[in-house]
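The values are calculated or read from the model by the stated rules, or taken from the named source; none is laboratory data. Treat the numbers as computed from the prediction; the structure is a model and nothing was measured. No Cβ is skipped: glycine too gets one built from the backbone with ideal geometry, and neighbour counts run over all protein chains shown.
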Amino acid sequence: MEQSDSMPMILSLTTDGDNCRTDTETEQSSGKWKCCSVFKKKVLCTINIMLRKKILLPFITLICVVSGIVQNVATGNEIDSGLKKAQTNTGGPLYPRASETRDLRTLDGLWNFRKSPSDPETGYKAGWFEQDLDKTGPVITMPVPSSYNDVGEDITLRDHVGVVWYDRRFYVPSWWGTSGQRVWLRFSSVHYAAEVFVNGRSVMYHEIGHLPFEAEITNMVNFNSSNLLTVVVDNTLLVDTVPQGSVKNIYQGPKQSVRQEQQYTFDFYNYAGIHRTVFLYSTPQVYINDIIVNTDILGLTGFIVYNVTHTGSESDKVRCLVQVFDKEDTQVAAYNECAGLLDIGNAKFWWPYLMHPDPGYLYTMKTSLIGLQGEVIDTYTQKIGIRTVTWSNTTVFLNEKPLYLKGFGMHEDSDFRGKGWDQVLWVKNFNLIKWLGANAFRTSHYPYAEEIYQLADEYGIMIIDECPSVDTDGFSEKLLVKHKQSLTELIRRDKNHPSVIMWSISNEPRSAHKLADKYFEEVVRHVKSMDLSRPVTIAISAGPSTDKSGRHLDVISFNRYNGWYSSPGQTAQIEANVVEEATIWHQIHNKPIIMTEYGADTVEGLHFYPEYIWSEEYQCVLISEHFKAFDKLRKAGFFAGEFIWNFADFKTPQSITRVGGNKKGIFTRNRQPKAAAHLLRSRYHALATSDYGASVPDTTYYISDNQPAKHTEL
């Protein structure tokens, strides 16, 4: 079933006895969302049956985020404006997977690379996309995925502003052509803007890093010879990009040559390049385009409401078979429709780490398109978790149990790779997260690689999923369009992950500005038009008396650096300040409160006693004073979580206040613990014990049995 409307939509229903009806627009009445859009009758009947069973699903909301695409929104990046007319393509939301009907290759590896001269038009004018880069001049080898900044030894490459070029050759399996398969090319993330050419033809343009985009290239590839893939990447950030920045011209030397300098206010390095895996994959002519899943719980029964969309010239001649299997590969539910309700008795629910003995339980959902003769046309398999997220004016609940979030802000950041996807690093990260006893993190300050969410699903680690809008300012209409677009792509990508429990729509926006009120009202409305099943938050840095965004949110999150940016070196007032501010936020908005950032820069191996700023001892004292505040707030009944900044040290722009980067990590950049990591571990495990009865690991070294020494008496 295909959805053709140009805007993302959500389905919810009102009932009248045994009849269902749909309304044509969304409105909020008495605190409850009425229904919108129109679906096929079978979906309405399915959900009407569900309501008659008194299964009051908080989502009664089948998300249909099918084609929310903002076209041609780039305005100032240096990729040739004449070629930007290629349609912005955010591609299908399904993560590429091989199956009985689909094949999959990756194009990761060593690519050719060239930095553009100062004139960004040079490569276009010279036709670099029409032939191999190494035939038009010198190239260097560039690994994909990775940021290009730290790979070489050239400072002009590290600090480059503007366009770079990548290319490589690839082959398409000949049987894809002889069997009539569609051929797809998908980039998981290119920062910031990219134009892609196949065999000299522009196939797609995408703006906004950290999110995937793809295009069908069946009619552009050769099946009997190699194909040329060229990617033009532009890292320029401007006033209407997400995130924002500006470019300053620096005049240098006797000839007053111009060097461009990228400027931005956020405190992490603007790494650039092809950051995540490049996929080449195939689908049948009629194929599954999207699968939307929502879940609910009633007693011991788990419910899965799903909608399958499919595309192709004869897609009206197929039906769907949806099967759900447990971890032992036993089928526990099935249905022969493209939209419907599945119920699983004695279901195993998805629980967070240390909240349940079996965290992160996932079922396998296999979706197949069946032809008129009963043949399997397409198959797609994904993992799903059965859980609910709800919230009140004081608490966030998971599976109707109150949540207390304990974790940190993080970054995709490592030596050499920059923001490049690194599976070794992230498996290590998750092992450290579990060692610490944490149960959550925020994807500060952009969406992370899709594989990270898959790991979080498996490990039972909750995610506050943040879009790339950081230090949001200006609040122009052009910026609003792109801001909403980033959230459209984010929600379409991550909507089925049980680990994603909350959307963060900005980090530290200039929300005291009078224009922030209307701006964030529009952004929240946009998110609610796509997903009502998760709360919405912002990591706010403005004070509670001046902020104009909180009134639109479901959960108030705030960042504050008592003892660091405020009264550096002074820790005596931290406890009182944190308690006072969190209480004021709740008094103003009557919503759950989370502290999403606090911390102190710490140089590994620097020791002072009494504690002194920048030392490991000072970091320990500072976070310990925050622990005192958090314990008082936990007793107040409205405090929902604590997130230290940061999980690990990370690179930033050069500054006299940054020694090789931001040092607020409890781990070093190469993931070795500072003293604070051991302190935080003791607290997080203690909280898991007090909140959920989890067993406490031995977090101390053996010291003594406290018995007197035995001596022979004289």
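With respect to (1) at negative phi; (2) touching a residue at least 40 places away in the same chain (Cβ under 8 Å); (3) more than 27 Å from the chain's Cα centre (by Cα), the lone exception for residue 139 is condition (2).
Residues 272, 334: which one is more than 30 Å from residue 694 (Cα to Cα) and touching an Asp or Glu at 6+ places or on another chain (Cβ under 9 Å)? First the steps, then the outcome.
Details: 334 fails: touching an Asp or Glu at 6+ places or on another chain (Cβ under 9 Å).
Result of the check over 272, 334: 272.
If you go through segment 142-158 and keep only what is touching a Lys or Arg at 6+ places or on another chain (Cβ under 9 Å) and without any contact (Cβ under 8 Å) to a residue 24 or more places away in the chain, you end up with 152, 154. Candidates 486, 549, 499: the one that is polar (S, T, N, Q), touching a Ser or Thr at 6+ places or on another chain (Cβ under 6 Å) and buried (at least 21 other Cβ atoms within 10 Å of the Cβ) is 549.
Of all the residues that make up segment 417-432, how many are out of contact with any Pro (no Cβ under 7 Å at 6 or more places or on another chain) and crowded, with 24+ Cβ neighbours inside 10 Å? Reasoning before the result, please.
Just the residues of segment 417-432 that are out of contact with any Pro (no Cβ under 7 Å at 6 or more places or on another chain), to begin with: 417-419, 422-432.
Next, from what is left, pick out any that are crowded, with 24+ Cβ neighbours inside 10 Å: 418-419.
Of the residues in segment 417-432, 2 are out of contact with any Pro (no Cβ under 7 Å at 6 or more places or on another chain) and crowded, with 24+ Cβ neighbours inside 10 Å.
Mind checking which residues of segment 616-652 are polar (S, T, N, Q) and either crowded, with 21+ Cβ neighbours inside 10 Å or within 25 Å of residue 502 (Cα to Cα) (or both)? Passing the criteria: 619, 646. Residues in segment 153-180 that are part of a helix (DSSP H, G or I) and at pLDDT 95 or above: 174, 175, 176, 177, 178.
Here's the yes/no breakdown for (1) under 29 Å from residue 673 (Cβ atoms); (2) without any contact (Cβ under 8 Å) to a residue 12 or more places away in the chain:
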site	(1), (2)
386	no, no
390	no, no
397	no, yes
403	yes, no
410	yes, no
420	yes, no
427	yes, no
430	yes, no
437	yes, no
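Going through (1) touching a helix residue (DSSP H, G or I) at 6+ places or on another chain (Cβ under 9 Å); (2) surrounded by 20 or more Cβ atoms within 10 Å (Cβ to Cβ); (3) small (Gly, Ala, Ser) one by one, residue 368 falls short only on (1). For segment 671-693, a residue qualifies if it is farther than 25 Å from residue 646 by Cβ and either in the same structural domain as residue 410 (by TED's automatic domain parsing) or touching a residue at least 12 places away in the same chain (Cβ under 8 Å) (or both), and exactly one does: 692. In the set (1) farther than 30 Å from residue 655 by Cβ; (2) surrounded by fewer than 22 Cβ atoms within 10 Å (Cβ to Cβ), the condition left unmet by residue 282 is number (2).
Among the residues of segment 346-395, count how many are outside any strand (DSSP E or B) and under 30 Å from residue 439 (Cβ atoms). I'd like the intermediate steps shown before the answer.
Pass one, segment 346-395, residues outside any strand (DSSP E or B): 346-362, 371-375, 385-388, 392-395.
Next cut, under 30 Å from residue 439 (Cβ atoms) only: 346-362, 385-388, 392-395.
Residues in segment 346-395 being outside any strand (DSSP E or B) and under 30 Å from residue 439 (Cβ atoms): 25 in total.
Counting only residues that are farther than 28 Å from residue 401 by Cβ and in contact (Cβ under 8 Å) with a residue 12 or more places away in the chain, segment 308-339 holds 22 of them. Residue 527 meets each of the listed conditions (1) assigned to a strand (DSSP E or B); (2) of a type in the set (Val, Ile, Thr); (3) within 17 Å of residue 487 (Cα to Cα) apart from (1).
Can you tell me how many residues in segment 609-628 are charged (D, E, K, R) and farther than 20 Å from residue 408 by Cα?
Here the count works out to 1.
Looking only at segment 466-479, decide whether some residue is under 14 Å from the mean Cα position of the chain (by Cα) and part of a helix (DSSP H, G or I).
Of segment 466-479, the ones under 14 Å from the mean Cα position of the chain (by Cα) are 466-470.
From what's left, part of a helix (DSSP H, G or I): none.
Scanning segment 466-479, I find no residue that is under 14 Å from the mean Cα position of the chain (by Cα) and part of a helix (DSSP H, G or I), so the answer is no.
Of all positions in segment 571-588, none carries a residue that is of a type in the set (Val, Ile, Thr), under 27 Å from the mean Cα position of the chain (by Cα) and either modelled with pLDDT of 95 or more or part of a loop (DSSP other than H, G, I, E, B) (or both).
Exactly one residue among 308, 239, 293, 324 is farther than 21 Å from residue 116 by Cα, in contact with a strand residue (DSSP E or B) (Cβ under 7 Å, 6 or more places away or on another chain) and in a loop (DSSP other than H, G, I, E, B), and that residue is 239. Scoring residue 627 on the criteria (1) in a loop (DSSP other than H, G, I, E, B); (2) touching a helix residue (DSSP H, G or I) at 6+ places or on another chain (Cβ under 8 Å); (3) not small (Gly, Ala, Ser) leaves a single failure, condition (1). Candidates in segment 373-392 are the residues that are of a type in the set (A, V, I, L, M) and closer than 21 Å to residue 532 by Cα; of these, the one that is surrounded by the most Cβ atoms within 10 Å (Cβ to Cβ) is 386.
Residues in segment 138-154 include at least one that is of a type in the set (A, V, I, L, M, F, W, C), surrounded by 16 or more Cβ atoms within 10 Å (Cβ to Cβ) and more than 25 Å from residue 260 (Cα to Cα).
Close contacts from segment 354-366, counting a first residue that is on the phi > 0 side of the Ramachandran plot and a second that is in a loop (DSSP other than H, G, I, E, B) and not hydroxyl-bearing (Ser, Thr, Tyr), with Cβ to Cβ under 7 Å and a gap of 6+ residues or different chains, come to 354/437; 354/439; 354/694; 360/350; 360/460.
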